[in-house]
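Engineer: Mind having a look at this structure? Questions to follow.
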Amino acid sequence: MTEEHSEDNLAARTEAYLSQSVLRHPGEATKALKSCEELLPHAEELGIAARCVDAIAARSSATSLSWFGDLAVLGLHMYKRVMAAMAAREDVGPGALEGCLVSHAHATPPGLPGVATVEDVLIPSYSGVAEMLYDVDYVEWVVRHFLAEEEVGEDEASWSAAITEEEAAARTTTSRPSAVAMVQVGKLVDNYLADLASDANLKPTKFCELALAMPDHARIYDDGVYRAVDIYLKAHPRLTAEERNRVCGVVDCRKLTMEACTHAAQNERLLLRAVLQLFGPMMENDAKSIQIDDMEAKVFKMMLHFIYTDTLPNIDEGEIVEMAQHLFVAADRYNLERLKLICANMLCNYMDVSTVATTLALAEQHDCDRLKEVCYRFLASFQNLKAVTLTDGFKHLKIIRPNILEELLGR
């Protein structure tokens, strides 16, 4: 088969065919590269796959790029390899790369997401204007194309009353992704989002669009998308309260496993954390409502406002101290450390003879050393201490700390 046996043998003829008929034409080189996918690793060892990739990339700088649609036959691994080779060439501009991606997206087989891996869909962004590391728009298009097949299946099933049950079942089965495939795609999207989340240029709107593209039944549990949200919030600490709220909103608290729920309840990056702590009992008992007896409705409303906006609503001047005290207690109960700190600062700023004893009692009960220290400094004045001992708040303080007066006098 080689020239050692005779001239113009099979090896020489094959090489001539590759050089003269295949590698000179990108469409033919693409077909050959597709064949290489079924002949690995032999095609790699013989260098045929690499030569096909280089030949396709070399032709991508040509004026006519109508053959870009031919690349749709390639698997994602080979397609990404071709794109990387094109991007490495100085004579291939961003417009050609973007056009290639668009052509491939429009010709992507509907079943592609069901067999793809995260590595397959981590396609670098080759657009000259894109700032993100990976082409999220392309992946979103492929996923929505996959989901469109399900809608077609539902439509066909709805008008199939005129045919037999067997025919209707067959049509639905062949045209619509299976429930297993749908769950697989859901996991793929969640894992993709987790890998993508650390990209500093990934906007919250784009993150949410892809996360919410999947229907509810594509996720048995929301642990995967919760993981992606956690990574995203960690990588984007400067989000506004509205943006954080939108990102957290892609997670359905009711579909978190106990492990994820426990993690989320202790995760200070999540607005979801406080909601889980507030409504966890309701979700566990599958109740339609929850009753909170130890908090006024007005205080509860302010706390929810803070959870979702990271700010407190306007408070009337005459109610500031009272509301700060109530919110301080609520914040400590639900581990809202930032709210607790804000309330402690408000109590420090509005401290006087009538409020210091109650404030010190709260600081003792809810373990706030900074607030206690400010109270002690205020009571270091003998005139202040003498006036405070006449207040109702001091009587309550003595119940909690019977020796408080001796301690203050001894400081």
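Computed from the coordinates by the stated procedures, all read-outs in this text should not be read as laboratory data. Here the structure is a predicted model, which means the values were calculated and not measured. Every residue, glycine as well, gets a Cβ built from its backbone with ideal geometry; the counts of neighbours run over all protein chains shown.
Engineer: Given an 8 Å cut-off on Cα distances and at least 6 residues of separation, report the relative contact order of segment 297-409 as a percent.
Structural biologist: The value is 19 percent.
Engineer: I want to check the label-to-label distance for Ala241 and Asp392. Put each point 7 Å from Cα in the C-beta direction and report it in nm to one decimal.
Structural biologist: Spacing of the two 7 Å Cα→Cβ label points: 3.2 nm.
Engineer: Next question, about the same structure. What is the set of long-range amide H partners of Glu296 at a cut-off below 5 Å, with H atoms built 1.01 Å from backbone N?
Structural biologist: Placed amide hydrogens put nothing under 5 Å from Glu296.
Engineer: Now a separate question. What does the charge count near Val22 come to, summing +1 for each Lys or Arg and -1 for each Asp or Glu among other residues with Cβ under 11 Å from its Cβ?
Structural biologist: +1
Engineer: Could you pull out every residue, at least 5 positions away or on a different chain, whose amide H is within less than 5 Å of the one on Tyr134? Hs are placed 1.01 Å off N in the peptide plane, and Pro or chain starts have none.
Structural biologist: Counting only residues 5 or more places away or on other chains, the set is Ser125.
Engineer: Mind listing the Cα extents of segment 297-409 along all three principal axes, in Å, largest one first?
Structural biologist: Taking the Cα atoms of segment 297-409, the three principal extents are 44, 26, 22 Å.
Engineer: May I ask you to derive the relative contact order of segment 187-254, considering only C-alpha pairs under 8 Å and at least 6 residues apart, and to give it as an integer percent?
Structural biologist: Averaging sequence separation for qualifying contacts and normalising by length gives 45 percent for segment 187-254.
Engineer: In a shell of Cβ-Cβ distance under 10 Å around Thr205, excluding Thr205 itself, what net charge do Lys and Arg (+1) and Asp and Glu (-1) give?
Structural biologist: Net of charged neighbours comes to +1.
Engineer: Follow-up. First select every other residue whose beta carbon is under 14 angstrom from the beta carbon of Glu44; then total the charges, Lys and Arg +1, Asp and Glu -1. Each step should come with its number before you reach the end.
Structural biologist: Details: positive: Arg51, Arg81; negative: Glu37, Glu38, Glu45, Asp54.
Combined, the nearby Lys, Arg, Asp and Glu give -2.
Engineer: For segment 21-27, in order, what is each residue's ³J(HN,Hα) by Karplus, 6.51 cos²θ - 1.76 cosθ + 1.60 with θ = phi - 60°, in whole Hz (x at glycine and Pro)?
Structural biologist: Karplus-based 3J(HN,Hα) across segment 21-27 equals 10, 9, 5, 7, 10, x, x Hz.
Engineer: Additional query: Once fully extended, how much extra length lies between Asp54 and His217, figured as 0.36 nm per residue of separation less the alpha-carbon to alpha-carbon distance?
Structural biologist: That works out to 54.4 nm of additional length.
Engineer: Fewest Cβ neighbours within 10 Å first, please rank Ser21, Ser60 accordingly.
Structural biologist: Sorted ascending by nearby Cβ count, the order is Ser21, Ser60.
Engineer: So what J values fall out for segment 381-387 if you push phi through Karplus, 6.51 cos²θ - 1.76 cosθ + 1.60 with θ = phi - 60°, rounded to Hz, Gly and Pro as x?
Structural biologist: Calculated HN-Hα couplings, in order: 6, 4, 5, 5, 4, 4, 5 Hz.
Engineer: Something else: Find the lysine pairs in segment 297-409 meeting two conditions, Cα atoms under 18 Å apart and a separation of 8 or more places or different chains, and report how many there are.
Structural biologist: 7
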